[in-house]
Structure formats: structure tokens, C-alpha cells
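The values are calculated or read from the model by the stated rules, or taken from the named source; none is laboratory data. Predicted, not measured: the structure shown is a model, and the values here were computed from it. Every residue, glycine among them, receives a Cβ derived from its backbone with ideal geometry; neighbour counts consider all protein chains shown.
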Amino acid sequence: MNGSEIAWYSHEMCFWHDPGPGSGYVPVGPGVEPLRQFAVDPDLRRAEGLVKASGVLDRYTCLTPAPATDEDLLLVHVPEHIERVEALSALGGGDAGVYAQVNHHSAQAARLAAGAAAQAVRQVLDGRFRRAYCLVRPPGHHAEPDRAMALCLYNNVAIAARAAQRRGARRVLVLDWDVHHGNGIQRVFYDDPDVLYVSIHQDGLFPPASGLVMETGTGAGAGSTLNVPLPPGTGHDAYLAVVSRVVAPAARAFGPDLILVAAGVDAGGHDPMGRMLCTSRTFHAMTSMMCRLADELSGGRIVFVHEGGYSAWYQPTLVLGTASAIAGLPAPQDPFLHALDHLPGQRMQSHQRRVIEHLEARHPLLLRPSAGTGTVGGAADE
């Protein structure tokens, strides 16, 4: 696939957002000594550098996004929330919500992240590109309409989905494979029958008691939320089985005009913010499967938006795996693969399989006849 068909959105200022020196995402305070932050966003610059050095970025058309406008942000957020982020950033820092530290550059970075996602969907829907990847920070899937949360200031993917609806997309599928549950995306679309939100996340990780299998939507949106909470220690085979046996059938039943992927890489096996075992091969395979699904269902229209990823050494390789798959290239070399690939959790275990079987037997969307036919190759069912 050549650069005229796929777009890469990034902005230097996104790397200038820094949630501050703390422990994990907890700011400095009583009992919390200043520490190198897991989520220092200059680490993402190294990821872009690896994609460029490998030659993969040559397959993309590289674009510099414009900041999201107030109109864009107000598709999801209340004015008071936007004002809070802007004011704290102007003051030089503070907590914009719950574990959502900002610095002087954060408001601008957050607008650029949301703007990239909105611009990507508009240009994909307009036919300029078939696929797009947004390498942006801060992340967004925890941000709710009225508050920031857990490093997320504006909900980039939710804003993109609303922008897509404004652009004429009748139905939008949002797949979120960040290791944490995207409570913010779920809250925005929980009663919307035209947005299918599917989250694959580590069971019980964050937020507490969020993303349970029985959370399936409400009102007109009943059945349009699908949570896949996987046990800690889940690896390659189970993730691919979820995409093949849960995501793909749900997508076919739903019939999207556009697919959005909240493409966090913190389910990687070296990530300090999760306890999953995914590798660059996992993300490459899942990305390839979703691109094929987009070709089948949505005219190839698919946009990936970066979310979490906190391993300074492994995040670049995981981003490269994702970017290579979007470009239709083979999985890249992974110098860290040997430390993960032999672990038993890479093969699907019975307690992981039970989650998939429970959803296959009970989720309303998986019980409906498929809108189309076909298979997504490359998945492992066992």
C-alpha cells in the first residue's frame, strides 16, 4: 500500500506534554517521591523515529494536524471541562481531573491530539485516504464529557467518532484494545445505537469495576457496547481469538461505515501499567485483521489512534508492528520477542477461553444473524 492511500498524523508539540514526575500516574505528594514518569511523552518521539528509520514511514503520507476547534471538543465535552484544561495549562500545571496532570504545553498538545483524530476521519471519509494512523499524546479514552481522567484530557476517539457522524457516517465501530477499559468512550456512546463500542482490556485493572461483560448499553443503545475483560496474563492466541470470534462477528452484524481503533500498546508484555503478554506480533496480527475487516465492511475506511503505552524500550517496537500492518508490510524484527514468546500465557488458556464463550453465548449482538459473510484470516482459536 503506497503513501497516497494511508496517512500518518503527528505533531512535535504532542511530545511536549508531560504529566509530571510522579509514581505511575500519581502526582508527587505525601509518600510519593519525584520519579521518572512512565508516561513521559518524548518516549513516543522514539517510536516515530523507529518507524522512520525502518523505512515504514515512507509508505505513509505524513501530515501535521491542526488543533481541534471548540466546535470539535464540544461534540463530546462540556464547556466547563475545556475551560478547566485551558486554565490549568495556562497557569503552568495542575490536576485537570482524576490523575490527569497537565503542564504548560498540555492544552495545546491535547487539542492537537483530538484534532488529528477528527481530521483523520474526515479525510478518510472524504476519500483522500483509505487508512490512517494518529501517533498522538495525551491519550483520551478515559476522559469523560465533564472531566479528565488517568492521563486523558480530551477523548480523542470519541471526538473522532462524533466528527465522523457529522461527516455522514451512519454507523461507526470503535474497537479499543488498550489494556485499560475506555470508560470515557463507553459513557459517551452507551445509549447510541449507531456507535458500537468494543473494548478488549485486562479484567479489573482500571478503572475499578468498569468494563464488565454485563455492561452492554442502555435504551436505544442496548447491545451496542461489548466488553471483553480478559484475565491478567493473557497473550497472543487469546487476543487473536477475541478479534476473530467476537469482534469480527459483532462488526458484521453491526455493519459499520467506518472503523476506529483506540490503538493503545500497553497490553504489551513489558508494560509497567498492565499485566498482559502481547508482543509486536500480536499487534501486527490484530491490526492486519482489522484492516481486512475494514476492506470487507467499510470500504477500507479505518483510522487508528494511539492510546496508552508506557514501556520506554518496548513501546517503539509495538508501534512499529502496528504501523507495518497498516502499511501492508510483514511483521518487523522484534529484539524483545524472545523474552515473551515462550511464556505459557501466549497460548490460550481455559479461563481465557471462557470469556470468549460467555460472550458468544450471551451478548445480544453475537446472537444476531450476520449482516455479511466472510472470515478474517490469521486468528488462533486454540
With the requirement that a residue be of a type in the set (Gly, Ala, Ser), assigned to a loop (DSSP other than H, G, I, E, B) and at pLDDT 95 or above, what does region 37-76 give you? 54, 55, 66, 68
When both residues are 6+ apart or on different chains and their Cβ atoms are under 9 Å apart, which pairs have a first residue that lies in region 296-308 and is under 17 Å from residue 327 (Cβ atoms) and modelled with pLDDT of 95 or more, and a second that is basic (Lys, Arg) and surrounded by fewer than 24 Cβ atoms within 10 Å (Cβ to Cβ)? 300/130; 301/130; 302/130
Kindly indicate whether residue 85 is under 19 Å from residue 15 (Cα atoms) and outside any helix (DSSP H, G or I). no
Out of the strands (runs of 3 or more DSSP E) lying entirely within region 177-274, which hold 1 or more residues that are out of contact with any His (no Cβ under 8 Å at 6 or more places or on another chain), modelled with pLDDT under 95 and under 24 Å from residue 347 (Cβ atoms)? none
Could you grab me the full set of residues in region 219-231 that are out of contact with any Gly (no Cβ under 7 Å at 6 or more places or on another chain) and surrounded by fewer than 24 Cβ atoms within 10 Å (Cβ to Cβ)? 219, 220, 221, 222, 230, 231
Out of all the residues in region 275-300, which are surrounded by fewer than 24 Cβ atoms within 10 Å (Cβ to Cβ) and touching a Pro at 6+ places or on another chain (Cβ under 8 Å)? 275, 298
Within region 53-67, work out how many residues are closer than 19 Å to residue 330 by Cα and exposed (fewer than 15 other Cβ atoms within 10 Å of the Cβ). 3
Need pairs with beta-carbon distance below 6 Å; first residue of a type in the set (S, T, N, Q) and within region 276-292, second part of a loop (DSSP other than H, G, I, E, B); sequence gap 6+ or separate chains. 279/340; 280/334
List pairs: first in region 94-117 and part of a loop (DSSP other than H, G, I, E, B), second aromatic (Phe, Trp, Tyr), Cβ under 9 Å, 6+ apart or cross-chain? 99/25; 100/25; 104/16; 105/16
Given the residues 216, 234, which is the only one that is surrounded by fewer than 23 Cβ atoms within 10 Å (Cβ to Cβ) and within 22 Å of residue 353 (Cβ to Cβ)? 216
In region 317-351, how many are out of contact with any Ser or Thr (no Cβ under 7 Å at 6 or more places or on another chain) and of a type in the set (Ser, Thr, Tyr)? 2
Restricting to region 251-264, and then to whatever is surrounded by 24 or more Cβ atoms within 10 Å (Cβ to Cβ) and among the hydrophobic types (A, V, I, L, M, F, W, C), can you tell me which residue is farthest from residue 367 (Cα to Cα)? 263
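Every residue, every condition in (1) free of Cβ contacts under 8 Å to residues at least 40 places away in the same chain; (2) buried (at least 22 other Cβ atoms within 10 Å of the Cβ), yes or no:
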site: 164; (1), (2): no, yes
site: 170; (1), (2): no, no
site: 173; (1), (2): no, yes
site: 180; (1), (2): no, yes
site: 188; (1), (2): no, yes
site: 195; (1), (2): yes, yes
site: 198; (1), (2): no, yes
site: 202; (1), (2): no, yes
site: 206; (1), (2): no, no
Of a type outside the set (Phe, Trp, Tyr) and part of a loop (DSSP other than H, G, I, E, B): which single residue out of 169, 160, 164 fits that description? 169
Note down all Cβ pairs under 6 Å where the first residue falls in region 208-220 and is under 12 Å from residue 180 (Cα atoms), the second is crowded, with 19+ Cβ neighbours inside 10 Å and of a type in the set (Gly, Ala, Ser), and they're at least six residues apart or on different chains. 211/199
Please verify whether residue 345 is within 22 Å of residue 227 (Cα to Cα) and surrounded by 24 or more Cβ atoms within 10 Å (Cβ to Cβ), treating the condition exactly as stated. no
Selection count where residues are modelled with pLDDT of 90 or more, within 18 Å of residue 222 (Cα to Cα) and either of a type in the set (S, T, N, Q) or exposed (fewer than 12 other Cβ atoms within 10 Å of the Cβ) (or both), scope region 353-376: 1
